[in-house]
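Colleague: Right, I'll just put the structure down here and ask away after.
The values are calculated or read from the model by the stated rules, or taken from the named source; none is laboratory data. Keep in mind the model is a prediction, meaning the values are calculated, not measured. Note that we place each Cβ from the backbone using ideal geometry, even for glycine, and neighbour counts take in every protein chain shown.
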Amino acid sequence: MFYFYDEIMSLAEEVKVYKISATEINNAMMGGVSLNELEAVHFARLIDELACDVKKIYVDSPDVVQSKFGSRISIISSKQLSVMEGKRKKAPAGAIKIISEHKADSKYPVASAASVIAKVTREREVDRIKEVIGDDFGSGYPSDEQTVEYIRRNLGSNALKQFLRERWQTVSDIRQRHMPEFLDKD
């Protein structure tokens, strides 16, 4: 994966990455903003900051309705974007076409490249967090038993708290399992 990352970085005209912190996600979700909406805000920001001239943008939609994610981005962006859906092939003059699809990273090479950049950036961030915490919590994915067990054992840790998404289903499930233990203390 790191080999591809280096190759992509050497070939790409422009690469931009934003890291969304757990604190930002927690604050947004407490304010009623979904993770998909927050991601759309950051995609729009990335698009607005592009220095190179682009005609099309491909995004891997996390939304159930794939065009909805593209529409969110187009509403937020200061650039003129046109979400391409179904048979609609013509965008207004001067508009950047935005293709928002599920599994775009398996369909479009540029989306595949962006996925590699995102995955390597995530892995590096996980390694950085492990250094800050001073412990190995596994991959950070909810399917990783080591991660889930680490969070369960250290849920009250201030060191861990700054990196946890409070509204993450995994954290919610762990808290639900802790409820009987909490009630037994009375």
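Colleague: Which members of the stretch 67-94 meet the condition of being under 18 Å from the mean Cα position of the chain (by Cα) and either at pLDDT below 90 or assigned to a loop (DSSP other than H, G, I, E, B) (or both)?
Modeller: The answer is 77, and nothing else.
Colleague: Shifting gears a bit: Please name all residue pairs, on different chains or six or more residues apart, with Cβ atoms under 7 Å, provided the first residue is in the stretch 56-68 and is touching a residue at least 24 places away in the same chain (Cβ under 8 Å) and the second residue is aromatic (Phe, Trp, Tyr) and surrounded by fewer than 20 Cβ atoms within 10 Å (Cβ to Cβ).
Modeller: 58/108
Colleague: Quick check, is residue 123 outside any helix (DSSP H, G or I), under 18 Å from the mean Cα position of the chain (by Cα) and under 24 Å from residue 21 (Cβ atoms)?
Modeller: no
Colleague: Would you please name the residue that is surrounded by the most Cβ atoms within 10 Å (Cβ to Cβ), looking only at residues in the stretch 1-39 that are of a type in the set (D, E, K, R), outside any helix (DSSP H, G or I) and under 14 Å from the mean Cα position of the chain (by Cα)?
Modeller: Only one residue fits best here, namely 16.
Colleague: Another question about this same structure. When you look at residue 130, is it touching a strand residue (DSSP E or B) at 6+ places or on another chain (Cβ under 7 Å), surrounded by fewer than 17 Cβ atoms within 10 Å (Cβ to Cβ) and modelled with pLDDT of 90 or more, yes or no?
Modeller: no
Colleague: Moving on. The conditions are (1) part of a strand (DSSP E or B); (2) polar (S, T, N, Q); (3) outside the structural domain of residue 19 (by TED's automatic domain parsing), and residue 143 fails exactly one of them. Which is it?
Modeller: It is condition (1) that residue 143 fails.
Colleague: Now, a different point. Of these, 115, 100, which one is in a helix (DSSP H, G or I), closer than 28 Å to residue 8 by Cα and at pLDDT 90 or above?
Modeller: None of the other options fit; the residue is 115.
Rundown of residues vs (1) over 23 Å from residue 175 (Cβ atoms); (2) free of Cβ contacts under 8 Å to residues at least 60 places away in the same chain; (3) in contact with a helix residue (DSSP H, G or I) (Cβ under 6 Å, 6 or more places away or on another chain); (4) of a type in the set (Asp, Glu), yes/no style:
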| site | (1), (2), (3), (4) |
| --- | --- |
| 107 | yes, yes, no, no |
| 110 | yes, yes, no, no |
| 118 | yes, no, no, no |
| 122 | yes, yes, no, no |
| 128 | yes, yes, no, no |
| 134 | yes, yes, no, no |
| 138 | no, yes, yes, no |
| 154 | no, yes, yes, no |
